[in-house]
Amino acid sequence: MRTALIGFAVLLAVIACFSGCYPPEPAYGQQDADRISETGAELMRAWLNENMPGAVLRECTAATEMWKEDRSVYLTGYASGSIEVSGETKHFAVDTVNGDVYFAMDTDTLEALKRETVAYFLENMGIDQNFDGNLFSCNVMAPAHGLQQFDSFDYGLPAGVEDLRAFVRDPLSRPQICIREFQISLLDDRDLSPYDLKAMEKLEIDCGLRVDYADIIGSGERVVLQNKAVLFTESGCWLKGEGYELRGVVRIREEKRDAATNEITVTERHFDPQADLIFEETKNGFRFSFPNEDWKQGFRFYADADSELLRHGYVYRFGDHESTLSWKELHDGSYVMITKNQNYCDFNLDGKLERIE
């Protein structure tokens, strides 16, 4: 029985090893953690005495974060815990290097921060448009002091902020704000090419922002900022037939800043109808392929309002798969092929369209 238990324990260890399920290992000593806890408690008591008389410090321990690269847990230099004031519990983090205090935000405060930040961001981009906030997230970046693994932490809002609009619009007196995710579809036909890497970097500096991901969608152009690179795409006509048109990306420009030289490298490609698409009509539909593996773009299928194609649905066959397609009318009177779940169909795999009689 004992041998069987040992064998089972070894098996569990092997499984854990391969699945990465070992608990994270602390990359610090307990003495350092205790020191941060004590320093944080002292700083927080002093701050409460000055700013929240009557508040009670309930707990305060050294804050830690796991670094995903080595799955080790590190001290952040902050102490976190909770206080009780007027019967309400508030969670905090205090910077043991400079004494700054942050409080966790409730849902209403976070939504207000998002509204003010996106309004400030759009204003400085020259975009006069309301934003419903469906795809936008941000946080105040509590600075990491001398840590190679982290550049900041999300501990909430700095203590004492009462006017969020004034806070967001005063980048020189606040921590940097990180825009983690942002997407907007513009209502006008503006040229998006001015939103290049230099312009976006300047915007970040001037506004005290760090943009991790931004997706700006125009009528025929799109700009995506991600991982310190800007991808600009322009869409247009790939091919025009009798009563229909194929539209897709016709130009791609990518800008990256080289980490070694700090220079911006630019690569640009244009759609070549001779090299990037083979398209032909068949007895009951169309057949197409994408011979150039370097052009990883597809097209959408549009039909004129009076096109004979609108009289039929189609089946898109690719490999061992198939998808039944129908038509959706657009605001300009034309139609586009859509899938069963009402999404535009992107044709980016070799296949054929067969008419449903």
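Every number here is computed from the coordinates shown, using simple stated rules; none is lab data. Model, not experiment: these values are computed from the prediction. Reconstructed Cβ throughout: ideal geometry from the backbone, glycine too, with neighbour counts over all protein chains shown.
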>> Can you compute the equivalent ellipsoid semi-axes for the range 219-275, i.e. the square root of 5 times each eigenvalue of the Cα gyration tensor, sorted largest first and rounded to whole Å?
In response: 31, 12, 5
> Using alpha carbons only, how many degrees (0 to 90, rounded to 10) separate the axis of helix 30-51 from the longest principal axis of the chain?
Replying inline: 80
> Hey, got the dipole for the range 20-104? About the Cα centre, +1 on K and R Cβ, -1 on D and E Cβ, debye to the nearest 20?
Replying inline: 140
> Are any of the pairs K90/K256; K296/K340; K283/K340; K228/K296; K114/K256 more than 31 Å apart by Cα-Cα distance, and if so, which?
Replying inline: K90/K256
> Going by average Cβ neighbours within 10 Å, how do the peptides 329-337, 90-98 rank, with the highest at the top?
Replying inline: 90-98, 329-337
>> Tell me the net charge near G333. Cut-off is 14 Å between Cβ atoms, G333 excluded, with +1 for each Lys or Arg and -1 for each Asp or Glu.
In response: -4
>> What is the angle, in °, between the Cα long axis of helix 107-124 and the longest principal axis of the Cα atoms in the chain? Nearest 10 is fine, range 0 to 90.
In response: 60
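Helix-only mean residue ellipticity at 222 nm, the chain, DSSP H runs n ≥ 4 weighted -39,500 (n - 2.57), per residue, nearest 500. What is it?
Details: 5 runs with 74 residues, N = 357.
Result for the chain, helices only: -7000 deg cm²/dmol.
Just the ratio, please: alpha-carbon radius of gyration of the chain over 2.2 N^0.38 Å, N its number of residues. If you can, show how the numbers build up before the last one.
Numbers: Rg = 27.8 Å, N = 357, 2.2 N^0.38 = 20.5 Å.
Here the Cα radius of gyration is 1.35 times the empirical estimate.
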>> If I fit a long axis through the Cα atoms of helix 2-19 and take the longest principal axis of the Cα atoms of the chain, what angle between them do I get, 0 to 90°, rounded to 10?
In response: 60
>> Could you identify which residue out of Q30, Q129, Q226 has the top mean-square fluctuation in a GNM of the chain using Cα springs shorter than 10 Å?
In response: Q30
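May I ask you to work out the translational diffusion coefficient for the range 159-300 at 4 °C, viscosity 1.567 mPa s, via Stokes-Einstein with Rh from the Kirkwood sum over Cα pairs, reported in whole µm²/s?
On the way: Rh = 18.0 Å.
Rounded, D is 72 µm²/s.
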>> On the principal axes of its Cα set, how long, how wide and how thick is the range 20-104? Give whole Å, largest value first.
In response: 46, 23, 17
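Please report, in cubic angstrom per residue, the volume enclosed by the convex hull of the alpha-carbon atoms of the range 111-205.
On the way: hull volume 11.9 nm³, N = 95.
Per-residue hull volume (Cα only) is 125 Å³.
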>> Only Cα pairs within less than 10 Å get springs; with that Gaussian network setup on the chain, which residue of S185, S80, S137 has the largest fluctuation?
In response: S185
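Convex hull volume of the Cα atoms in the range 263-357, per residue, in Å³? Walk me through the numbers before you get to the answer.
Values: hull volume 14.6 nm³, N = 95.
Output value, Cα hull per residue: 153 Å³.
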>> Give the aspartates and glutamates reachable from K202 as a straight Cα distance under 18 Å; neighbours fewer than 8 places away on the same chain don't count.
In response: E123, D170, D212, D215, E254, E255, D258, E263
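Taking 1 over the mean of 1/r across every pair of different Cα atoms in the range 80-158, what Kirkwood radius in Å do you get?
Values: mean 1/r = 0.0683 Å⁻¹.
After inverting the pairwise mean of 1/r, the radius is 14.6 Å.
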